[in-house]
Amino acid sequence: MPNKRVLIIFYSFTQQTKLQVKQLAAGLESCDIEVVQERIEPFHPYEFPFRTNYRLALAMVETFFRKRMQILPVSSQCSGDWDRIILAGPTWSYHPSGPMLEFLDRYGREVCAGKKVIPFISCRSYWRWHHRNLRSRLEKIGASVEEPIVFTHPMSEPWRFIGLFLQLRGKMIRKAWFRKRYPGYGHSKEQGLMAMNKGREIGLKLLNEA
């Protein structure tokens, strides 16, 4: 039986998607699935952290209106024969990120048409518009879109929003009263294990396919 192959194409701004993808890939590889990762890289990424509130507010407006962000060319391996393609990235102002939108505009049909694609979403909380937009774009180019994998930050509001804002501005509060309500930015270790288990689940499903 030929090896099953999975391509993970991902963009990560604050490294949260990258960490979850790493765990997902480990789960796939534990099932002897061949995994290749392709990171989307912008030519001119947003600064991180943002130096002023104005720069952050401007970025939020741009991303709400789905401004594209020019990316470096992806490698030719993306156009190979894959049993699954996983498109992974953060939610930016309810939508896929600018680099991911640019990837879909430039390479979506070439890479994803006729393939089975799994959306992988990392976000603070609101991901459904992101998924709807991504699914619609993929289906228009002839991809078969499977159920999404979604990880939201495991804190309650309004602390998730406050914590995200502070992280993007590089001004995280270290006081005990804040840490009690907001232990830390991003995904938890438990969610990392969940991503690994999801990778194993997908891997076993692939092995059982004819």
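Looking for something more than 17 Å from the chain's Cα centre (by Cα) and aliphatic (A, V, I, L, M) - is there at least one such residue anywhere in region 178-197? No - not one qualifying residue is present in region 178-197.
Within region 56-105, which residues are among the β-branched types (Val, Ile, Thr) and out of contact with any Ser or Thr (no Cβ under 9 Å at 6 or more places or on another chain)? Hits for region 56-105 are 71, 74, 85, 86.
Scanning region 124-151 for residues being at pLDDT below 95 and surrounded by 15 or more Cβ atoms within 10 Å (Cβ to Cβ) gives a total of 1. Just one of the listed residues (34, 110, 41) is acidic (Asp, Glu), modelled with pLDDT of 95 or more and under 17 Å from the mean Cα position of the chain (by Cα), and it is 41. Here residue 125 fulfils each of the conditions (1) in contact with a Gly (Cβ under 6 Å, 6 or more places away or on another chain); (2) in a loop (DSSP other than H, G, I, E, B) apart from (1). Summed over region 140-152, the residues that are in a loop (DSSP other than H, G, I, E, B) and not hydrophobic (A, V, I, L, M, F, W, C) give a count of 4.
Looking only at helices (runs of 4 or more DSSP H) that lie completely in region 153-210, which have at least 2 residues being loosely packed, with under 13 Cβ neighbours inside 10 Å? Give the steps one after another, and end with the answer.
On the way: elements: 159-169, 176-181, 189-208.
Passing ranges, in order: 176-181, 189-208.
In summary, residue 118 fulfils each of the numbered conditions (1) modelled with pLDDT under 95; (2) in contact with an Asp or Glu (Cβ under 9 Å, 6 or more places away or on another chain) with the single exception of condition (1).
The values are calculated or read from the model by the stated rules, or taken from the named source; none is laboratory data. Keep in mind that what you see is a predicted model, and the values were worked out from it rather than measured. Glycine gets a Cβ as well: all are built from the backbone with ideal geometry, and neighbour counts include every protein chain shown.
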